[in-house]
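The values are calculated or read from the model by the stated rules, or taken from the named source; none is laboratory data. None of the values given here were measured: they were computed from a predicted structure. Every residue, glycine as well, gets a Cβ built from its backbone with ideal geometry; the counts of neighbours run over all protein chains shown. Accessible surface is based on the protein model in full, side chains and every heavy atom, while ligands, DNA and RNA are left aside. Shrake-Rupley method; radii C 1.70, N 1.55, O 1.52, S 1.80 Å.
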Amino acid sequence: MTTEARADLSRFALLSLAASLVVITLKVIAWQVSGSVGLLSDAAESLVNVVAAVAAFVALKVAVKPADDDHNFGHTKAEYFSAVFEGVMIVVAAGIIIVAAVDRLLSPAELESVGLGLVISVVATVINGVVGLYLIRIGRRHRSLSLEADGKHLLTDVWTTAGVVIGVLLVALTGWLPLDPLIAIAVAVNILVVGGRLVWQSGAGLMDTALPDDERAKLDAVLDGHRSDEIDFHDVRTREAGHERFLQLHMLVPGEWSVQRGHDLVERVETDLVDALEHLHVAIHLEPIGDPRAYEPWRLD
């Protein structure tokens, strides 16, 4: 038994793309008017946002496609590739920032029009914050890793910009020029951490990680509600692929039951399980409770 297909979420990726284009334009202007390598690093991270939004749009378009002859279980894992790609791009951006920061550290330069540059950066940050929170909310509601990752990255950009703005302001106040490239390097390290987390989370999905404990507990509660002296379950296994959840298990019933009676029970159990978790695909193997072979576990070796 399966649930109905999820709606096309690619329009939200277009919102992210539009916001990212506006933000990177503002940040590039802020960098040019101030000459701050810290603001340059902030703009470089926003470039990743643009690339990530494009990747998320493509992934969401692919993920929503129904199962076909070549992809019997659908295309939902496309979202994991999008997040991995975003993680790699983050690492590349961090490398660019570090190179520029080291060059500025070796050859310090005075900052210009700092006030205007900071104001422009703050405006860009507000846009990122609003869109980022919205994408995270939509991503969690629809179990979209691409949108949630994109939203989290935008929020990371918000905190990055906040740090850069404070740092550049301190440079203007103290006149200590090495602080500007040091801030840029700190931003790059933070970006590397974000990229690493995205790659790790996406890799876990590609490895068919089991459902979280809270979701598994909901499924176990449903099965416990059907257990009796005549009915039992074992070999319960779960995994997730994008927004889709998969569950397979063995259901044991008396061997003398008719096929119809066993099938009717399977239908009821599947319905209750799907009602407990959205986007759940259930596969139940029916076995006679009195047959010792029915208790052999699925081979893990």
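One table, with the values for the structure above:
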quantity	calculated
Any hit, segment 2-15, residues being of a type in the set (D, E, K, R), within 19 Å of HIS279 (Cβ to Cβ) and in contact (Cβ under 8 Å) with a residue 24 or more places away in the chain	yes
Selection from segment 248-284 of residues that are under 17 Å from ASP224 (Cα atoms), open to solvent by 90 Å² or more (accessible area, probe 1.4 Å) and either among the acidic types (Asp, Glu) or assigned to a strand (DSSP E or B) (or both)	ASP275
Unmet requirement for LEU211, which otherwise passes all of (1) aliphatic (A, V, I, L, M); (2) crowded, with 18+ Cβ neighbours inside 10 Å; (3) at pLDDT below 95; (4) part of a helix (DSSP H, G or I)	(4)
Search result, residues across segment 75-117 that are under 27 Å from LEU145 (Cα atoms), hydroxyl-bearing (Ser, Thr, Tyr) and in contact with a Gly (Cβ under 9 Å, 6 or more places away or on another chain)	THR76, TYR80
Qualifying residue in segment 16-34 (condition: open to solvent by less than 20 Å² (accessible area, probe 1.4 Å), within 19 Å of GLY87 (Cα to Cα) and either in contact with a helix residue (DSSP H, G or I) (Cβ under 6 Å, 6 or more places away or on another chain) or not basic (Lys, Arg) (or both))	yes
GLY262 farther than 15 Å from LEU219 by Cα, in contact with a Leu (Cβ under 7 Å, 6 or more places away or on another chain) and not hydrophobic (A, V, I, L, M, F, W, C)	yes
Within segment 112-158, considering residues that are under 30 Å from the mean Cα position of the chain (by Cα) and not in a helix (DSSP H, G or I), the one nearest to VAL51 (Cα to Cα)	SER144
Candidate set from segment 113-169 (those that are polar (S, T, N, Q) and under 19 Å from GLY38 (Cβ atoms)); member that is most open to solvent (accessible area, probe 1.4 Å)	SER113
Per-region count, segment 173-184, residues in contact (Cβ under 8 Å) with a residue 24 or more places away in the chain and either in a loop (DSSP other than H, G, I, E, B) or buried (at least 20 other Cβ atoms within 10 Å of the Cβ) (or both)	6
Residue check for SER228: open to solvent by less than 70 Å² (accessible area, probe 1.4 Å), out of contact with any Leu (no Cβ under 6 Å at 6 or more places or on another chain) and in a helix (DSSP H, G or I)	no
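For every residue, the table says whether it meets (1) out of contact with any helix residue (DSSP H, G or I) (no Cβ under 9 Å at 6 or more places or on another chain); (2) of a type in the set (Phe, Trp, Tyr); (3) surrounded by 17 or more Cβ atoms within 10 Å (Cβ to Cβ).
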| position | (1), (2), (3) |
| --- | --- |
| ALA67 | yes, no, no |
| ASP70 | yes, no, no |
| TYR80 | no, yes, yes |
| VAL91 | no, no, yes |
| ASP103 | no, no, no |
| GLU110 | yes, no, no |
